[in-house]
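In what follows, a structure is listed as structure tokens, so that the remarks can point back to it.
The values are calculated or read from the model by the stated rules, or taken from the named source; none is laboratory data. All figures in this text were calculated on a predicted structure; none of them were measured in a lab. Glycine also receives a Cβ, built like all others from the backbone with ideal geometry; neighbour counts cover every protein chain displayed. The accessibility values were calculated without ligands, DNA or RNA, using every heavy atom of the protein model including side chains. Shrake-Rupley method; radii C 1.70, N 1.55, O 1.52, S 1.80 Å.
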Amino acid sequence: MTEAELYTLYKGVYVPKCLHPPESLKFYEEFAFRPDDILIVTYPKSGTTWMQEIVPLIMSGGDPASVETLPNWDRVPWLEEHRAYILDLDKRPSPRMFSTHFHYNMMPPAFFEAKPKVIYVMRNPKDVFTSSFHYYAMTSFLVNPGPQNEFLHKFLDGKVMFGSWFDHVKGWLSAADKERVMPISYEELIMDLKDSVARIAQFVEKPLDTEVIEKIADRCLFKNMKQNNMSNYSAVPHEYMDQTKSEFLRKGIAGDWKNQLTVAEVEYFDAVYKEKMKDVKYKFVWDQHKLDERA
Ligand code: A3P
């Protein structure tokens, strides 16, 4: 199936039709944010599910009840998805937790008025590409990636769901109200999960004891999260996600792009990255540390 058949063009980016019917996009446009809401913002395949495990555990002081009983999409729902308007989100007690893949300039007016806290999770775009390549091949609501080189061009041109990785990252990194936005990368979580949990807890103003932080970090290790049926997408029917082709929690490492991209593809990727990111001052972890050895 093609982009025209599976996607809607919404505010300039593709969104999968079946997850984001017009009513759900309208619901989001009119959504009443509260200043104490916590929003996990990501470009797809950057660590959304991981953060949907970490943040509820922080907010519950380490109590695993919600991560053991609620699937991640109801625990920290995506505001743009069709489920959002059947979950009675206005009845949830504060502080509420939500997710979104929206770009900064797509956010609805109430977001800019209420100024909820944002945890912005980024990941090396080469690994986002790699993860996406496998994900697009196992989902029925996304356009089949086709040959890798073709998908690479689509990805770098932003002709994939939620548009350009470059625009997404640049938009959120230049958000106003910087003290309300915490940028953190997938690679930081990989390098030091305990420290990342502690920093996130501080940002959401939830003081936690060291033992609780350690317990949360342990639960959120890839091998442990993979066992959680409320987070590993095993509850999604086979017709939507075929995990025999590729698991949702696939490898969970930094630097898998080295096993995926050809030398020529890396050169092309680097050239596009250099050009698109030339004005960005932010020091990305993947540009500074040799995480590749972990692949
Ligand atoms: P891979 O496909 O590279 O394994 P999202 O939730 O935004 O769709 O991102 C999915 C990616 O995050 C997948 O990457 C998945 O394996 C990885 N991921 C999820 N939970 C993780 C964890 N606890 N540790 C490391 N990676 C995790």
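A few points about this structure:
- Residues that are more than 23 Å from ALA271 (Cβ to Cβ), open to solvent by 30 Å² or more (accessible area, probe 1.4 Å) and either of a type in the set (Lys, Arg) or within 15 Å of the ligand (Cβ to nearest atom) (or both) within the range 130-159 comprise HIS134, ALA137, listed in sequence order.
- Where a residue in the range 236-255 is in a loop (DSSP other than H, G, I, E, B) and its partner, wherever it lies, is of a type in the set (Asp, Glu) and more than 9 Å from the ligand (Cβ to nearest atom), with Cβ under 8 Å and at least six apart: ALA254/GLU187; ALA254/ASP292; GLY255/ASP292; GLY255/GLU293
Condition check ((1) open to solvent by less than 30 Å² (accessible area, probe 1.4 Å); (2) farther than 21 Å from TYR120 by Cα; (3) not aromatic (Phe, Trp, Tyr)) across all residues:
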{"position": "TYR240", "(1), (2), (3)": "no, yes, no"}
{"position": "ASP270", "(1), (2), (3)": "no, yes, yes"}
{"position": "GLU275", "(1), (2), (3)": "no, yes, yes"}
{"position": "LYS283", "(1), (2), (3)": "no, no, yes"}
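- Hits in the range 114-129 - residues which are open to solvent by less than 10 Å² (accessible area, probe 1.4 Å) and of a type outside the set (A, V, I, L, M): PRO116, TYR120, PRO125, ASP127, PHE129
- Residue count, the range 165-180 (criterion: crowded, with 21+ Cβ neighbours inside 10 Å and not aromatic (Phe, Trp, Tyr)): 2
- Taking helices (runs of 4 or more DSSP H) as the structural unit, those lying wholly within the range 1-89 and holding at least 2 residues that are at pLDDT 95 or above and within 16 Å of the ligand (Cβ to nearest atom) correspond to 48-59, 65-69, 72-75.
- Flag for ASN105 being open to solvent by 60 Å² or more (accessible area, probe 1.4 Å) and touching a Gly at 6+ places or on another chain (Cβ under 8 Å): yes
- Test result for ILE184, within 16 Å of the ligand (Cβ to nearest atom) and under 25 Å from PRO95 (Cβ atoms): yes
- Number of residues in the range 196-233 that are open to solvent by 70 Å² or more (accessible area, probe 1.4 Å), within 15 Å of the ligand (Cβ to nearest atom) and either within 20 Å of LYS251 (Cα to Cα) or part of a loop (DSSP other than H, G, I, E, B) (or both): the value is 5.
- Any hit, the range 143-154, residues being free of Cβ contacts under 8 Å to residues at least 24 places away in the same chain, part of a helix (DSSP H, G or I) and touching a Ser or Thr at 6+ places or on another chain (Cβ under 7 Å): no
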